[in-house]
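In what follows, a structure is listed as structure tokens, so that the remarks can point back to it.
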Amino acid sequence: MSTAQSFVTIRSQAISLETQAESLLSRYSSFAQTTSSEQTGEERKLDKQLEDALFRRQEVIEALSKVCNENPNISASKLSQLQRHKEILQEHWKSFRNIRSSIQQERNRLNLLFNVKNDIAQQQESATDNDLVGNEDDYYHNESRRVDQSHSIVDRLISQAWETRDEFSSQGSILQNANNRVSATLQRIPGINQVIKKIGTRRRKNAIILATVIVICVLILFFTW
């Protein structure tokens, strides 16, 4: 087989594998849009087929490069075609890795969200159970504290009432003693009662005079206004 025929035959294989890889990449990219929490059998199978197809293309391109290297008179157009096949293979490898990485990242995100939701649900359930026990204990504790406070208030009120009663009794005794002293003093000083009566009479007269003046002033203001 001539070099030209070998190049054409091998290149046709490379073109066929490129077409196959493009179809597989298109199907594989759909898993990045609808990622599940676990890898499905179809996704695993397609991932393996695509990786094998790219490795086969790499082998074909290496064979094509060998043909070009063994023929020093190879045309520039064939070298350009070989370079183009290499570039397309690199692009497909890059797309394959990017899609695989996107699927894995999305799967990790879904699993993380699922785990977080489970943790939150477990914490809420645990918190609810603890709250039921805690609320019951708090209720009895608060009620006991209220009863103690009520007893303390009643005790303070009773103590204050006894103190007030004692103060009233003490003040009554003091007033009674003062009254007795005044009465005894009045009895010992002759004529003091007459003086007190005169003072009281004078105060009443002054009060009557002051009241009369106020009434007259009010009447004058009322009639002259």
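Does region 51-96 come out rounded, prolate or oblate, given a ≥ b ≥ c as the square roots of the eigenvalues of its C-alpha gyration tensor, rounded meaning a/c under 1.5 and, failing that, prolate meaning a/b above b/c?
Oblate shape, in that a/c is at least 1.5 and b/c is the bigger or equal ratio.
Under 16 Å between alpha carbons: how many lysine pairs meet that in region 3-135, if sequence neighbours fewer than 8 apart on the same chain are excluded?
Qualifying lysine pairs in region 3-135: 5.
Charges on Cβ only, +1 for Lys and Arg, -1 for Asp and Glu, centred on the Cα centroid of region 3-135; of GLN104, ILE74, THR34, which one is farthest towards the dipole's positive end?
Highest projection toward the positive end goes to ILE74.
Pull up the cross-link candidates among the lysines for LYS197, meaning alpha carbon to alpha carbon under 25 Å and not fewer than 8 places away within one chain.
Once the sequence-local lysines are set aside, what remains near LYS197 is LYS205.
Among PHE96, PHE222, which comes first, then next, by fewest other beta-carbon atoms within 10 Å?
Arranged by neighbour count, lowest to highest, PHE96, PHE222 become PHE222, PHE96.
For region 3-135, with equal point scatterers placed on the C-alpha atoms only and solvent neglected, what are the log10 I(q)/I(0) values from the Debye formula at q = 0.18 1/Å, to two decimals?
Reported log10 I(q)/I(0), two decimals: -0.94.
Each label point is 7 Å from the Cα along the Cα-to-Cβ direction; what then is the distance between the points at ILE220 and GLU125, in nm?
My value for the distance between the label points is 9.9 nm.
How charged is the neighbourhood of GLU70? Take every other residue with its Cβ under 13 Å from the Cβ of GLU70, and add Lys/Arg as +1 and Asp/Glu as -1.
+1
Give, as a single signed number, the net charge of other residues whose beta carbon lies under 13 Å from the beta carbon of LEU46, with Lys and Arg counted +1 and Asp and Glu -1.
0
Laboratory data are not the source of any read-out in this text; all were calculated from the coordinates shown. What you see is a predicted model, and the numbers here were worked out from it, not measured in a lab. Every residue, glycine among them, receives a Cβ derived from its backbone with ideal geometry; neighbour counts consider all protein chains shown.
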